[in-house]
Amino acid sequence: MKKEMPPLRFKKDDAFFQYLRAEVNTYFIEKGLTKKATSFWYVKAWSLISIYILTYSSLIIFGKYTVVLYTCYAVLGILAILLGLNVGHDAAHGSISKRQSVNKRYAIVFDLLGGNSYIWRIRHIYAHHPYPNVIDFDSDIKQSKLVRIFPKDVYLKFHKYQHIYTPILLIFSYTLNWFLIRDFQDFYTQRFGKKIIKKHPKGTFSKIILFKCLYIGIILFIPLFVLGISWSVFLGFLMMNIFSGMIISIALVSTHVGDHHEFPTPNIDGNFDHTWSTHQIATTSDFCTKNKLTNFFFGGFNHHVIHHLFPEVNHVHYVNITPILKDVAFRYNINYRVEENLFQVFKSHINLLKREGYEHGLLYQEI
C-alpha cells in the first residue's frame, strides 16, 4: 500500500509571475496574435505528417533495397519523436486551439505512434507539470528504479554504474519500454501527482490494445509481408527505436536532469518555501535557444522554462516570449538557466548521474 502524500502547497506571493504574465499578455495584444497555433504551426505539423507518410511509402515501395530500408526506418524513428514534440505535446496541453475537439483530434498522433494520448496526458499534466523534479510526484522524471536522479531517493549498489548504462538504456529502450510496458503500468496506476484516478473512461484499455496492434501491424508486419520475412526488417525496426531514443534523449536530459537543476522537497506539512513559478525555473532550463534548426524541430522543448510557466501557449510563440522571461527574471534577480552548447548539456546530465550514483555510493560506504 502506497503511503499517503501530503497536499503540496507553494508560497502565495508571486509578484514575479504576475508581472511576467502581464508582460506576456501585452506582447500578444500589441502583436495582435492568438496564444494558440498560427498558420505556421499547421503548415509545420502537416509537413511533418506528410513526410512521415512519404517515408513510410518509400519503405514499402523501395524497401527491398537494404540501404533504403534502413534509411527509411531511421527517418521514421526521428519523425515519430518530432511529431510527438511538435504536434502531440501541444495537443495534450490544449495549445493548438481553443476548441478542445481540435486538440483531441491532433492528440491521436500519440495513439497512431503506438502510445496512448489519454494515459500520457494524465501523467504529463497532473504529475510532471505541477511538480517537476519533486520525488514521489513527478513520474515523468522518475521512471525506473534502475536510475537514481533524486538526491533523497533510495540508493542501490548498481547505481554507481548508472552514468555508464543510463545513456545506453535511454537510447536503446526508451520508446520500446513506452510501447510495451509504460502505458500498461500507468493504466493500473491510480495516483498521478496529487490526482487520484480510480477508474478510467470505458474502453480505454481496449483503445490501448487496438492502437498498439494497429501500430505494430503498420510499422512491422506490413513491411514483413510486402518485403518478405527478413531479419533486415527487424533490424530496421530496432534501428528506428534507436534513432527515436537518440532524439528523445536530447529533449529529456536537456530540460530537467542536469547537475545544475534543483530537486526541491516540501517540509513535513507539504509546504515549499518558494512560489510555484520560481519552482518551475529552479527545476527547468533551456537549451540551444539560438539554434534555428533546434527551434524549428524540437517543438519549443528547447524553450522549456517558458513552456512550464505558460503551457497553454502554443510552442511557435516561445522563441519570441522567452526574451521577455529573461528580462523579467533579471529584474527580479531570478536565475534563468540556458545552455547553448549541447555537449555541455549531456556532460551536465552525466555529472548528475555520477553524483547521485557513484559519488553517493562512496559517501554511503563511508557512513
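Taking segment 45-61 on its own, how many of its residues are surrounded by 11 or more Cβ atoms within 10 Å (Cβ to Cβ), within 23 Å of Ser95 (Cα to Cα) and among the polar types (S, T, N, Q)?
Selection size over segment 45-61: 1.
Restricting segment 105-122 to residues that are touching a Ser or Thr at 6+ places or on another chain (Cβ under 6 Å) and buried (at least 22 other Cβ atoms within 10 Å of the Cβ), which is nearest to Gly217 (Cα to Cα)?
Taking the candidates together, the pick is Phe110.
Exactly one condition in (1) surrounded by 13 or more Cβ atoms within 10 Å (Cβ to Cβ); (2) over 20 Å from the mean Cα position of the chain (by Cα) is not met by Ala92; state its number.
(2)
Residues that are touching a Lys or Arg at 6+ places or on another chain (Cβ under 7 Å) and closer than 30 Å to Phe158 by Cβ: which helices (runs of 4 or more DSSP H) entirely in segment 281-367 hold 1 or more of them? Quick ask: steps written out before the conclusion?
Values: elements: 292-297, 304-309, 318-331, 342-354, 360-366.
So the answer is 360-366.
Could you give me the residue pairs with C-beta distances under 6 Å whose first residue belongs to segment 350-367 and is closer than 16 Å to Tyr165 by Cβ, whose second residue is of a type in the set (Lys, Arg) and modelled with pLDDT of 80 or more wherever it lies, and which are 6+ apart or on separate chains?
Glu356/Arg148; Gly357/Arg148; Gly357/Lys160; Tyr358/Lys160; Gly361/Lys160
Would you point out which residue out of Asp111, Asp153, Asp138 is within 17 Å of the chain's Cα centre (by Cα), within 22 Å of His349 (Cβ to Cβ) and not aliphatic (A, V, I, L, M)?
On the way: Asp111 fails: within 22 Å of His349 (Cβ to Cβ); Asp153 fails: within 17 Å of the chain's Cα centre (by Cα).
From the options Asp111, Asp153, Asp138, the qualifying one is Asp138.
Consider Asn320 against the criteria (1) crowded, with 19+ Cβ neighbours inside 10 Å; (2) at pLDDT 95 or above; (3) of a type in the set (S, T, N, Q): it satisfies all of them except one. Which criterion is unmet?
So Asn320 meets the others, but not (1).
Residue under question is Gly258, and the condition is that it be crowded, with 22+ Cβ neighbours inside 10 Å and either hydrophobic (A, V, I, L, M, F, W, C) or touching a Ser or Thr at 6+ places or on another chain (Cβ under 9 Å) (or both); does it hold?
Values: crowded, with 22+ Cβ neighbours inside 10 Å: no; either hydrophobic (A, V, I, L, M, F, W, C) or touching a Ser or Thr at 6+ places or on another chain (Cβ under 9 Å) (or both): yes.
No; evaluated as a whole, the condition is false for this residue.
Determine the pairs where a residue that is touching a residue at least 40 places away in the same chain (Cβ under 8 Å) and among the small types (Gly, Ala, Ser), located within segment 135-157, has a partner that is surrounded by 13 or more Cβ atoms within 10 Å (Cβ to Cβ) and assigned to a loop (DSSP other than H, G, I, E, B) with Cβ atoms under 9 Å apart, the partner being 6 or more residues away or on another chain.
Ser139/Thr189; Ser139/Gly193
Take His274 and tell me if it is assigned to a helix (DSSP H, G or I), of a type outside the set (Lys, Arg) and over 19 Å from Leu113 (Cβ atoms). So that I can check it myself, show each step before the final result.
Values: assigned to a helix (DSSP H, G or I): no; of a type outside the set (Lys, Arg): yes; over 19 Å from Leu113 (Cβ atoms): yes.
So His274 fails the test.
Which ranges mark the helices (runs of 4 or more DSSP H) fully within segment 4-90 that have 2 or more residues being in contact with a Phe, Trp or Tyr (Cβ under 6 Å, 6 or more places away or on another chain), touching a residue at least 12 places away in the same chain (Cβ under 8 Å) and among the aliphatic types (A, V, I, L, M)? Steps first, answer last, please.
Values: elements: 15-31, 39-62, 66-83.
Qualifying helices (runs of 4 or more DSSP H): 66-83.
Pairs needed: first member in segment 260-274, touching a residue at least 24 places away in the same chain (Cβ under 8 Å); second member anywhere, crowded, with 16+ Cβ neighbours inside 10 Å and small (Gly, Ala, Ser); C-beta distance under 6 Å; at least 6 residues apart or different chains.
Close Cβ pairs (under 6 Å, with a partner that is crowded, with 16+ Cβ neighbours inside 10 Å and small (Gly, Ala, Ser)) amount to Glu262/Ala282.
Within segment 277-311, can you find the residues that are among the hydroxyl-bearing types (Ser, Thr, Tyr) and farther than 20 Å from Phe263 by Cα?
Matches in segment 277-311: Thr289, Thr294.
List every residue pair whose Cβ atoms sit under 9 Å apart, with the two residues 6 or more apart in sequence or on different chains, where the first one lies in segment 179-196 and is hydroxyl-bearing (Ser, Thr, Tyr) and the second, anywhere, is modelled with pLDDT under 90.
Thr189/Ser139
The values are calculated or read from the model by the stated rules, or taken from the named source; none is laboratory data. The shown structure was predicted, so the numbers you read here are calculated from the model rather than taken from an experiment. Heads up, the Cβs are rebuilt from the backbone with ideal geometry, glycines too, and the neighbour counts pull from every protein chain shown.
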